[in-house]
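Asks: Pasting a structure below so you can have a look.
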Amino acid sequence: MDRRRRRRAFHLLLATGSIMALVGLGWGVFFAWRGEWPVAAMELAMASLGVGVIVMARLRRPRAASWVAFLGLAGVLCFFSAFLDVPTEQVPRTSHVFLLVLALCAHHVFRDEKPWLRYALVGALMALFVVFAAAPLQAPSSLAIADEVRRVGIWINLATAMASLLIVLRLADTDIAEHRALHRALRDALSQRRFVLFYQPQVDAAGRIVGAEALLRWQDARRGLIRPVDFMQAAEDTGFILPLGQWVLQEACRQLAAWQATPALRHVRLSVNISALQLRQPDFVQQVEDVMARSGIQAGALTLELTESVLVHDMDDAVGKMRALHAMGVRLSLDDFGAGYSSLSYLRDLPFSEMKIDRAFTRGVVRDAHAATITRNLLQLGRDLGIDVIAEGIEQEDQFALLGEQGCRLFQGYLFGRPMDVAAFSERIATSP
């Protein structure tokens, strides 16, 4: 989830938690004043749930906050609708209306969950609304709120539900507007040549630069240099990643050809990240072949970095294309190794030439014995499979030294250089051991 989307989900969770807290507290005090303590306890429980959602959202735990908010609030609403807000001939039920608002919120907040899970949750909430609205579902209960209170509650509940609905719609509209604006800005940036590639060194055990990873940056006149985390999700969502990814591949191969024409840089390999949408293009292999032919680069100097996500949708299609690329001499790298669940089978069955150990393991390798054991085993796995292993996220000398003792021979991280423009990279390699 990119920063813009995280911010929107954060605000929506804060709004949801605040509404739960205020409504629950207000009704809780009212029913406590009337001496109806069981109902007051339920209202205060909802208020406490809302406070919990706000706290978790502020602690940057949006996923946990989302599930607590939606499952907890759905449970409270169902209990209210069945046992407390019991319809009579004089006063209808209204608590179930919040289930529709909750369904709309769920559709927005859970957009990064698996589609079946997202729509199952939305569908379940809407189905509960239909049941309470269309069926005379009620349970005889001594907890049922008196009609005289519910007559006033109808207006409060409906007003609160409508206000909540407007807040959610406003947030959704803002999100859509920002999304469209960002897409237009991306399209204009590509046509006006505002994208640039930066290069982060990859070094061997002696600290010599042997390769680089090409990293995309957006040079915006107002916001300065923008990293992919702030725009790549929008590019993926709109399909703009296809022309952008094609430009990155062309620019990377053009730069690689320039290096291969320079004796001091002829040995440098270049890695390029490939998205799932790019690989799923029917003519992707032909695109790579055409770019390589136009640039005149040696195939073995180009590495395409893939994550497990590229293999999720159509494994057979992805495997066929990867084998075709491998046959052309292009190296394939499995990025963020260890972050998923099926990496071992991928390494065994697919033509990867390289894997990258995720920074989650290298970051704690010195202080955490478990992380050190994992990196040692991954390095041994790479040796057994006959593929190169790159340790990412190396920022300290003690990490470099320990991984070197474990047998790691390739490294990448801020210790050896941050992503830099081509001029700085050429200067950096000139001073390399």
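The values are calculated or read from the model by the stated rules, or taken from the named source; none is laboratory data. Nothing here was measured: the structure is a model prediction, and the numbers come from that model. Using ideal geometry, Cβ is built from the backbone for each residue, glycine included, and neighbour counts are taken over all protein chains shown.
Asks: Going through F98, F83 one at a time, which residue ends up being buried (at least 17 other Cβ atoms within 10 Å of the Cβ), closer than 20 Å to A9 by Cβ and touching a residue at least 60 places away in the same chain (Cβ under 8 Å)?
Replies: F98
Asks: From (1) of a type in the set (A, V, I, L, M, F, W, C); (2) modelled with pLDDT of 80 or more; (3) closer than 20 Å to V149 by Cα, pick out the condition that doesn't hold for A103.
Replies: Looking at each condition in turn, A103 falls short on (3).
Asks: For the stretch 276-305, give me the residue count where each residue is polar (S, T, N, Q) and in a loop (DSSP other than H, G, I, E, B).
Replies: Looking only at that region, the number is 2.
Asks: On to the next question. Identify all residues within the stretch 381-412 that are touching a Gly at 6+ places or on another chain (Cβ under 6 Å) and under 16 Å from A206 (Cβ atoms); write none if there are none.
Replies: The answer is I394, and nothing else.
Rundown of residues vs (1) more than 22 Å from the chain's Cα centre (by Cα); (2) part of a loop (DSSP other than H, G, I, E, B); (3) modelled with pLDDT of 90 or more, yes/no style:
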position: S345; (1), (2), (3): yes, no, no
position: P351; (1), (2), (3): yes, yes, no
position: A360; (1), (2), (3): no, no, no
position: G364; (1), (2), (3): yes, yes, no
position: R367; (1), (2), (3): yes, yes, no
position: A371; (1), (2), (3): yes, no, no
position: T375; (1), (2), (3): yes, no, yes
position: L379; (1), (2), (3): yes, no, yes
position: G382; (1), (2), (3): yes, no, no
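Asks: Output the residues belonging to the stretch 374-433 that are of a type in the set (A, V, I, L, M, F, W, C), crowded, with 18+ Cβ neighbours inside 10 Å and touching an Asp or Glu at 6+ places or on another chain (Cβ under 7 Å).
Replies: I387, I390, L410
Asks: Here's something else I'd like to know. Suppose we keep only residues that are among the charged types (D, E, K, R) and more than 20 Å from L197 (Cα to Cα) within the stretch 276-305. Which one would you say is surrounded by the fewest Cβ atoms within 10 Å (Cβ to Cβ)?
Replies: Selected residue: D283.
Asks: Also, quick follow-up: Would you please name the residue that is surrounded by the fewest Cβ atoms within 10 Å (Cβ to Cβ), looking only at residues in the stretch 153-167 that are more than 30 Å from the chain's Cα centre (by Cα) and of a type in the set (S, T, N, Q)?
Replies: Checked the stretch 153-167; the qualifying residue surrounded by the fewest Cβ atoms within 10 Å (Cβ to Cβ) is T160.
Asks: If T88 passes every condition in (1) in a helix (DSSP H, G or I); (2) within 25 Å of G28 (Cα to Cα) but one, which one does it miss?
Replies: The number of the failed condition is (1).
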